[in-house]
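Below is one structure, written out as structure tokens; the observations come after it.
The values are calculated or read from the model by the stated rules, or taken from the named source; none is laboratory data. Given the structure is predicted, the values throughout are model-derived calculations rather than measurements. Cβ sites come from the backbone with ideal geometry, for glycine too, and all protein chains shown count toward neighbours. Calculation scope for accessible area: heavy atoms of the full protein, side chains included, ligands and nucleic acids excluded. Shrake-Rupley method; radii C 1.70, N 1.55, O 1.52, S 1.80 Å.
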Amino acid sequence: MRLVIKGGRIISPGDRIDYVGDILIENSRIKRVSRRPIDIKDALVVRPAVAKAMADKPGFTRRSSSEVGKSSKKADEIVLDAKGLVVAPGFIDIHVHFREPGREDAETIETGMKAAAAGGFTSVMTMPNTYPVNDTQSTTLFILQKAANIGLTHVFPAGAITRGMKGRTLAAIGEMAEAGIVAITDDGHCVMDGTIMRRALEYASDFGVRVVSHSEDTTLSAGGVMHEGFVSTRLGLPPIPQQAETVMVYRDISLSGLTGIPIHIAHVSTRESVELIRRAKDAGIKVTAEVTPHHLTLTDEAVEESDYDTSTKVNPPLRTQDDVDALIEGLLDGTIDAIATDHAPHTTTDKEQDYVAAPFGIVGLESAVPVCLDRVCAKRQVPLELLIQKFTTGPADALGLKKGRLAKGDVADITILDPAKDVTIDPAKFYSMGRNCPFGGWSLVGAPVCTIASGQIKTIDGRLV
Ligand SMILES: [Zn+2]
């Protein structure tokens, strides 16, 4: 199968490419990226914007040319007309919670992968807080096997740091690494014991996986449901001080400095965290960090404005405008390496409880890219090339994944964006089983219009083909 993506603005920060040109994909791999036109004679020319027509075209079902009948056009040779569109390496989300095994009523690996592809992502890293926790080789293999059978996107599982994510003894890190985890984390919980965290860094380094820190001093955050500030006081909701995060960010940076081993800080949400990470990077400590679309665009005011909608209940909590501004500054100056959704689906029954009782977490895979294109690029003047970097080489390099570029021979993962497309976020239409999204009803400009993974077109205009 040959596929040419033609005439789009190719932006690949990891390859220092930003020009209008063509990409040739052959046998699932990048064959050529070029300013010069690449032509395939007699190939079928299709436009990603026409979703229904696309799905009906031969080629997308990978029929052989003989089945197409008399048409001289070859079904296994497609030219995708990308004029006016932006063509980037496949987007990577290094922080998603698919609920399988154990809570298939909230999300399965399949629905999660569909949501990822629809949202423009070709690779995701799944968090280990399933039932059972991914703390053994068998659970890791189960996830990888299941994902391989579905085949929509690449799935990189993270394993737990501690057994059962209970924070007491290290999990079978070596065995899981052998099975294919790329990182360890107790995300959702913090490893409160500093010595265990130090050992985790040392073991991770021995086995060639990264450590992701959910930085939260739970002795400070215990019982809290939203950011501690004027709004929590006015609403009378139990608060979480920002220090619950920064105290642990500091500890983990410090342990990284002590051991010389890299650490990745998940979902940074406060100005002070950004400043700590910036100083650590300046000092040569190997710390990387991610931020979520919701922390970049919403504040604690959303809790009040939404009338206690539990889709605003997230951990770490939505902060203040000053924190949002600091996160944007962190993106701009490179302190923050990646944007990751922390996609956390919950059943409607679970989320319909009152604000204090409802679980933390919101879904993000199918809203992240439009939210960032509109509210981060357009409204906050973050350059598009920089945003693409935060979805490609930023996350890939933070976790040591061989993804995020368009080098010859790479597996052809591509995300095509239409920066001018009008979209309205409608959670009812999500492939994700989660409806707990704070962006429902938002009208935004810019969206992913085509996701290509391993050289195959997976989604057009947010729908599976
Ligand atoms: Zn977390």
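Suppose we keep only residues that are crowded, with 19+ Cβ neighbours inside 10 Å and in a helix (DSSP H, G or I) within region 222-246. Which one would you say is nearest to the chain's Cα centre (by Cα)? Among residues in region 222-246 that are crowded, with 19+ Cβ neighbours inside 10 Å and in a helix (DSSP H, G or I), the one nearest to the chain's Cα centre (by Cα) is E245.
Quick check, is K114 of a type in the set (K, R), surrounded by 20 or more Cβ atoms within 10 Å (Cβ to Cβ) and either outside the structural domain of E202 (by TED's automatic domain parsing) or not in a loop (DSSP other than H, G, I, E, B) (or both)? For K114, the condition - of a type in the set (K, R), surrounded by 20 or more Cβ atoms within 10 Å (Cβ to Cβ) and either outside the structural domain of E202 (by TED's automatic domain parsing) or not in a loop (DSSP other than H, G, I, E, B) (or both) - is met. Of note, G208 satisfies the criterion of being open to solvent by 10 Å² or more (accessible area, probe 1.4 Å), away from the ligand (no atom under 16 Å from the Cβ), at pLDDT 95 or above and under 25 Å from V96 (Cα atoms). In the set (1) open to solvent by 10 Å² or more (accessible area, probe 1.4 Å); (2) outside the structural domain of V211 (by TED's automatic domain parsing); (3) under 19 Å from T341 (Cα atoms), the condition left unmet by R375 is number (2).
Scanning region 89-111 for residues that are within 10 Å of the chain's Cα centre (by Cα) and more than 16 Å from the ligand (Cβ to nearest atom), we see that the one that is surrounded by the fewest Cβ atoms within 10 Å (Cβ to Cβ) is F91.
Selection of first residues in region 255-268 that are farther than 12 Å from I184 by Cα and open to solvent by 30 Å² or more (accessible area, probe 1.4 Å) and of second residues that are of a type outside the set (S, T, N, Q) and assigned to a helix (DSSP H, G or I), restricted to Cβ pairs under 8 Å at least 6 apart or on distinct chains, gives the following pairs, ordered by first then second residue: G257/A280; L258/R198; T259/R198; T259/L201; T259/E202. Just wondering, is there one or more residues in region 167-182 that are touching a residue at least 24 places away in the same chain (Cβ under 8 Å), within 16 Å of the ligand (Cβ to nearest atom), within 30 Å of K458 (Cα to Cα) and open to solvent by less than 40 Å² (accessible area, probe 1.4 Å)? Checked against the condition, which is being touching a residue at least 24 places away in the same chain (Cβ under 8 Å), within 16 Å of the ligand (Cβ to nearest atom), within 30 Å of K458 (Cα to Cα) and open to solvent by less than 40 Å² (accessible area, probe 1.4 Å), region 167-182 yields no hits at all.
Check region 214-221 and report whether any residue there is assigned to a helix (DSSP H, G or I), open to solvent by 60 Å² or more (accessible area, probe 1.4 Å) and among the hydrophobic types (A, V, I, L, M, F, W, C). Looking through region 214-221, at least one residue is assigned to a helix (DSSP H, G or I), open to solvent by 60 Å² or more (accessible area, probe 1.4 Å) and among the hydrophobic types (A, V, I, L, M, F, W, C).
The residues listed here are G400, G440; of these, the one that is surrounded by fewer than 23 Cβ atoms within 10 Å (Cβ to Cβ), touching a helix residue (DSSP H, G or I) at 6+ places or on another chain (Cβ under 6 Å) and of a type outside the set (A, V, I, L, M, F, W, C) is G440.
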